[in-house]
Structures are given as C-alpha cells and as structure tokens.
Amino acid sequence: MKIKCWGSRGSIPVCGPEYIKYGGTTTCIEIQPQNGNSIIVDAGTGIRRLGIHLLKEKFQSYHLLFTHAHWDHIMGLPFFKPLHIQRKKIRMYHCPYHTPFVNRMLSDLMSPPYFPVPCSLSKADIIFVDENRQAFEIGSVRVETIPISHPNGGGGYKFTENGKTFVFLTDNELGYSHPGAKSFKDYRTFCQNADLLIHDAEYTPKEYDKTAGWGHSRYTDTVRLAIEAGVSTLGLFHLNQERTDHQMDTILKHAQEIVAAQQPAIKCMVVAVESTFEL
C-alpha cells in the first residue's frame, strides 16, 4: 500500500514563498493498493493535480471517500479531470457518521451561481455507494471507520492491506468532544500500533486557548495520541493557513523532542504536498 499526499493545508488554499516547503493545497490523500484502483480521500484543491496524474495511469475507475463536507475538503472536486471524461468510473462513498450528502453535495457544488458547468454534464460514470457500515472492503483493502470530533460530524478511516495499517484522522479535535465524538481512549484504540497515523495538528497550545471547539487539535495532543497508541510513523496534518514553513519547522522540532523523550522509536514528520509513504 502506497499513500501520497496531494494537499495537507487546512481551511483555505494558500500560496507564496513562505509556503513552498509544505505546500498550500487543501486536503486530498491518495491510497494506491498493491493491486487495484486508487482510493482517494477528500477532494480539496489537491485533487486537481491528482486528477491530471491519474489520466496518465492505466486504471479507468477510482474510489472517492469523504471525511466530511466542509469547503476545504470538497472545493477541488469540480476540477477533478476524470469527472469530465467518458469511460471513467468514479465510485463516491457516503461519509460515515454524517447525513448522506454526496449526491446533493455534488449537484449543489456544480450549479449556478457557484459553478458554470452543472453536474449533469459530467461525462464520467458516477456511482454513489451508500456504504455506512463500520467496516467494509475496497478490493484488497479493509476500511474501518470512526466518528471524528468535529462540528457537523464526519468520519475517520483505517486502511489495512497485507497486515499494514494506515489511519487518517483529519479535522479531529482531541481536546473537545463534539456531538457524536468518541473519547481519547477510543481514538487511541483505533490507532493502536498503526504503521502510519496522519492526524490533524492545526494549533499550538497557545492558539488553542482561543480556538477550542473549532474542530482541530493541538499538535501536542496529536503527539500524545501517537505515543500512547504506539504508532510507527506520525504525520502532522491540516496545516493552518497562516502557518509558514519556518513556523511549521519549529512545531515539528518541538514535536520530535517530545517523541524522543517518551517514545523514540516513532518517526514524526509534517505531511507536505508530495509526501509519500510505502507500507
């Protein structure tokens, strides 16, 4: 299983020389199983470049999962080129722990006055999959879900193939319990011994004094989760839109110091655009 990040920024895309190292596109993760079509999680602005890349591949169909429907996780979808090409097949899965929204979201997103080309003119074969179970399979990959702690709800994912596990928990506020959220202990159990954990780490502790309840975690809480769950690699994700490369380097240095003092076997890094993980 190969995981590639096409967007890790939170809230809104950014650009400029201060964002070169980690990138400015919003959430989009690609999972490439050993045998099978790509699994895509979220359609932030990073999905535009992913779509261009996928057109060079031999596969004709893709699986698209959503964590939730906030703008930064869906705004790139109209610019996903396979959506506009015949013979492409896109399976879109209803988000677990969220009122089914995929059909309506796509039609609303691609309609006046927000977008000039209506969804009805999309040429791809779009299949809406009403998959709301806690666990299911996509080809050789087992997918498990858990509610995230976030305003309006949503879901996190665990992907397992050939004994290797990747957990993706963006927009999960560990320090505040939103309706439907699980406990810290539950998230720890969900992440236990994962080979890779990518988790929301938007705020510093000082910032969190003013942003508690907004749906995002202190990076120190994220590091604590990784240490207690015994993961192999931790990726800090959902980078604040104001966070420069230099500031992100400072946060990473502190996070690595915490890890080194408590669980030095864990590899801690910032998930940047183009970050790739082989499990």
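Any read-out appearing in this document is the output of simple, stated calculations on the displayed coordinates, not a laboratory observation. Please read all numbers here as calculations on a predicted model, not as lab measurements. Neighbour counts are summed over all protein chains in view; Cβ atoms, including those assigned to glycine, are modelled from backbone coordinates with ideal geometry.
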Discussion item. Please compute the contact order of the range 126-279 in relative form: average sequence separation of alpha-carbon pairs under 8 Å and at least six residues apart, divided by the residue count, as a percent.
Written reply: 19
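For the chain, which longest stretch is free of loop sites, where a loop site is one of the trypsin sites (Lys or Arg not before Pro) that DSSP puts outside H, G, I, E and B and that has at most 15 other Cβ atoms within 10 Å?
Working: sites that count: Lys21, Lys56, Lys58, Arg87, Lys123, Arg133.
Longest run free of exposed loop sites: 134-279.
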Worksheet entry | Calculated SAXS-style log₁₀ I(q)/I(0) at q = 0.17 Å⁻¹ - the range 55-126, Debye, Cα scatterers | -0.64
Worksheet item: Counting DSSP beta bridges in the chain, what percent are antiparallel, to the nearest 5?
Response: 50
Discussion item. Pairs of alpha-carbon atoms within less than 8 angstrom and 6+ residues apart define the contacts here; what relative contact order does the chain have, in percent?
Written reply: 18
Worksheet, complete the sentence: Asserting the computed 222 nm helical MRE of the chain (DSSP H runs at least 4 long, -39500 (n - 2.57) per run, divided by residue count, to nearest 500) equals -6500 deg cm²/dmol
Item to complete: Please work out how much length the chain gains when fully extended from Asn193 to Phe128, using 0.36 nm per residue of separation minus the C-alpha to C-alpha distance, in nm with one decimal.
Response: 20.2 nm
Worksheet item: Once the other residues with Cβ under 11 Å from the Cβ of Thr276 are scored (Lys, Arg +1; Asp, Glu -1), what is the net sum?
Response: -1
Worksheet item: Not counting the cut sites, what is the longest span of the chain without GluC sites (Glu not before Pro) that DSSP labels loop and that have at most 14 other Cβ atoms within 10 Å?
Response: 58-241
Worksheet item: Given just the C-alpha atoms of the range 2-278, how large is their convex hull per residue in cubic angstrom?
Response: 123
